[in-house]
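The values are calculated or read from the model by the stated rules, or taken from the named source; none is laboratory data. Everything numeric here is computed off the predicted structure, so don't read it as measured data. Here Cβ is always computed from backbone atoms with ideal geometry, including for glycine, and neighbour counts include all displayed protein chains.
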Amino acid sequence: MIQLKGIQKQYGTGAAQVTALKHIDLTVNKGEIFGIIGHSGAGKSTLIRTINLLERPSAGQVLIDGVDMTALGTGRLQEERRTIGMIFQHFNLLTSDTVAENIAFPLRLAGQSKAQVAARVQELIGLVGLDGHGDKYPSQLSGGQKQRVGIARALATNPKVLLCDEATSALDPQTTQSILSLLLSINKELQITIVLITHEMQVIRSICDRVAVIDGGEIVEAGPVTDVFLKPQHPTTQEFVAQVEGNLNESLTVKNYAAGERTMIRITYIGEQTYEPVLFETMSGCNVPFVILQGTVSRLKETPYGQLVLELRGAEPEAIRAVELLRSRGLDVEVLRHG
Ligand SMILES: Nc1ncnc2c1ncn2[C@@H]1O[C@H](COP(=O)(O)OP(=O)(O)O)[C@@H](O)[C@H]1O
Ligand SMILES: [Mg+2]
């Protein structure tokens with residue numbers, strides 16, 4: 001478990017001082033994939049780098065499995081750091097070393113024998129799907145392959161935590177998905193806790209269990225992805241959700257339809273409900289015509305969900321009855337607008 005308690009970070013002094021983190025309290029549970037999303041300059045890299053103390057916080061504590069990282073001497077800190085792997089947006093590979101030598105680097109540093117290193121490197125190359133590429137140089141690899149080397153190197157010393165600083169931001173969407181799948185299988189099969197930062201909601205939606213939204217050095221919203229994604233409260237969160245869901249285009253509603261006879265509602269389905277014909281069954285029983293203004297059916301990690309925005313056409317009492325019927329079938333229905 002990772003606990004950040006009252007973390008503050010200032011860079012520089014005097015007039016040039018920048019406050020990157022104001023007051024961060026955050027807990028990441030063992031075995032989960034925790035995402036931190038924010039715009040450029042929000043403090044994401046600073047925050048993730050405080051976890052392994054690449055950045056020392058100006059105030060506050062970093063506890064990993066109860067060990068206060070901020071209180072450790074250099075030797076102990078180095079030992080603890082070996083239990084935390086990290087990958088980066090631009091991969092940070094040694095360009096004059098081969099794939100195998102890059103992956104071997106932390107093992108050599110840890111003082112392992114040549115034979116041990118060679119065996120472990122082969123194992124890691126297989127794990128990340130780079131069989132046959134061990135003798136290549138980074139310049140001969142695609143972006144996705146380079147990140148696979150980064151991942152293999154980060155996992156070399158069997159860390160319990162993997163930190164990912166915008167690990168897919170330099171990759172195209174398809175390669176991003178393949179790297180996210182690899183991270184998900186590493187999390188499941190090796191039980192490694194993953195903390196990732198990103199500015200892309202798609203990354204959060206694909207693999208994260210919980211998410212925190214950071215804005216101006218502060219966490220403005222946090223919780224399970226299913227809650228934060230489906231019911232975003234803070235404007236910044238709403239903006240990120242709109243990246244993947246699109247904004248509701250209100251101009252789609254028919255302006256010349258009788259005033260007072262249009263009710264806009266949003267229905268949220270989650271889990272198995274997504275596949276049930278509840279909408280059809282309910283609406284066929286209540287004689288309220290409707291149009292669909294916006295709709296998504298997708299997945300949050302492995303959970304199917306759907307969101308539909310409907311405009312009900314009819315007098316208010318009938319519309320309200322329809323809403324009540326939908327709710328009685330267990331659907332989450334918000335009335336966005338009457339009239
Ligand atoms: N080494 C540094 N020295 C001074 N200011 C920095 C340094 N690193 C980051 N900052 C500032 O701290 C703020 C947060 O930066 P960063 O953590 O890199 O954000 P993000 O990763 O979300 O883009 C920004 O205003 C940035 O300019
Ligand atoms: Mg950054």
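Data table
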read-out	value
Of all residues in region 270-321 being polar (S, T, N, Q) and over 20 Å from residue 227 (Cβ atoms), the one that is surrounded by the most Cβ atoms within 10 Å (Cβ to Cβ)	282
Top-ranked residue of region 35-61 - restricted to ones that are touching an Asp or Glu at 6+ places or on another chain (Cβ under 7 Å) and crowded, with 18+ Cβ neighbours inside 10 Å, ranked as nearest to residue 300 (Cα to Cα)	38
Restricting region 174-191 to residues that are crowded, with 16+ Cβ neighbours inside 10 Å and touching a residue at least 60 places away in the same chain (Cβ under 8 Å), the residue that is nearest to ligand 2 (Cβ to nearest atom)	183
Count - residues of region 248-299 that are among the hydroxyl-bearing types (Ser, Thr, Tyr), over 30 Å from residue 202 (Cα atoms) and modelled with pLDDT under 85	1
Of residues in region 215-246 being under 12 Å from the mean Cα position of the chain (by Cα) and part of a strand (DSSP E or B), the one surrounded by the most Cβ atoms within 10 Å (Cβ to Cβ)	222
Residue selected from region 164-173 under the condition of a type in the set (A, V, I, L, M, F, W, C) and over 12 Å from the mean Cα position of the chain (by Cα), by the criterion surrounded by the most Cβ atoms within 10 Å (Cβ to Cβ)	171
Selection from region 283-316 of residues that are farther than 14 Å from residue 338 by Cβ and assigned to a loop (DSSP other than H, G, I, E, B)	285, 286, 287, 289, 301, 302
Criterion (at pLDDT below 95, in the same structural domain as residue 228 (by TED's automatic domain parsing) and within 11 Å of ligand 1 (Cβ to nearest atom)) met by exactly one of 42, 16, 20	16
Residue in region 142-162 that is of a type in the set (Gly, Ala, Ser), surrounded by fewer than 20 Cβ atoms within 10 Å (Cβ to Cβ), in contact with a strand residue (DSSP E or B) (Cβ under 8 Å, 6 or more places away or on another chain) and not in a helix (DSSP H, G or I) present	no
Count - residues of region 25-39 that are within 15 Å of ligand 1 (Cβ to nearest atom), part of a loop (DSSP other than H, G, I, E, B) and of a type outside the set (Gly, Ala, Ser)	1
Of the criteria (1) of a type in the set (A, V, I, L, M, F, W, C); (2) in contact with a Cys (Cβ under 7 Å, 6 or more places away or on another chain); (3) part of a helix (DSSP H, G or I), which one residue 186 fails	(2)
Matching entry among 168, 226 (being closer than 24 Å to residue 24 by Cα, among the hydroxyl-bearing types (Ser, Thr, Tyr) and touching a Leu at 6+ places or on another chain (Cβ under 9 Å))	226
Filter pass, residue 98 being among the β-branched types (Val, Ile, Thr), in contact with an Asp or Glu (Cβ under 7 Å, 6 or more places away or on another chain) and more than 16 Å from ligand 2 (Cβ to nearest atom)	yes
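Results for (1) within 16 Å of ligand 2 (Cβ to nearest atom); (2) under 18 Å from residue 192 (Cβ atoms); (3) under 22 Å from the mean Cα position of the chain (by Cα), shown as yes or no for each residue.
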site: 1; (1), (2), (3): no, yes, yes
site: 5; (1), (2), (3): no, no, yes
site: 9; (1), (2), (3): yes, no, no
site: 12; (1), (2), (3): no, no, no
site: 33; (1), (2), (3): no, yes, yes
site: 41; (1), (2), (3): yes, no, yes
site: 84; (1), (2), (3): no, yes, yes
site: 94; (1), (2), (3): no, no, no
